[in-house]
Amino acid sequence: MNSEDIEQFFSRKAVLNEDYVKITFKKREPIYGLFLKDSDYNYLKAKNFWRIVPQSQLDAYKTSKDASLAKIFNGDEFSKLATYKESFEA
């Protein structure tokens, strides 16, 4: 996916730093995570990179708000995004 498609997803369906998202990849298993809007958000977005806290780190992130728990993913590897709620409705 390109950065414009990802931005459209957040403008229509989800809120950065709040909504959990199911990220489906082209060549690996999907993950659930939280997209972060941190100080380098615009820089990373311009290169189609996204800071995401994976599901395994969500509890630690909720208590600490430590952005270092996030990993950076390339948006070109995404094939589909869905809100956490949508992923269970399908």
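Output the residues belonging to segment 53-78 that are part of a helix (DSSP H, G or I), among the small types (Gly, Ala, Ser) and surrounded by 16 or more Cβ atoms within 10 Å (Cβ to Cβ).
Selection gives Gly75 alone.
Between residues in segment 5-24 that are under 14 Å from Lys85 (Cα atoms) and residues that are of a type in the set (Ser, Thr, Tyr) and surrounded by 15 or more Cβ atoms within 10 Å (Cβ to Cβ), which pairs lie under 6 Å by C-beta distance while being six or more apart or on different chains?
Cβ pairs passing all conditions: Lys13/Thr83; Ala14/Thr83; Asp19/Thr83; Tyr20/Tyr32; Tyr20/Tyr84; Lys22/Tyr32; Lys22/Ser87.
Values in this text are rule-based calculations from the coordinates and carry no lab data. Here the structure is a predicted model, which is why all the values come from computation and not from measurement. Neighbour counts run over all protein chains shown; Cβ positions are idealised from the backbone, glycine included.
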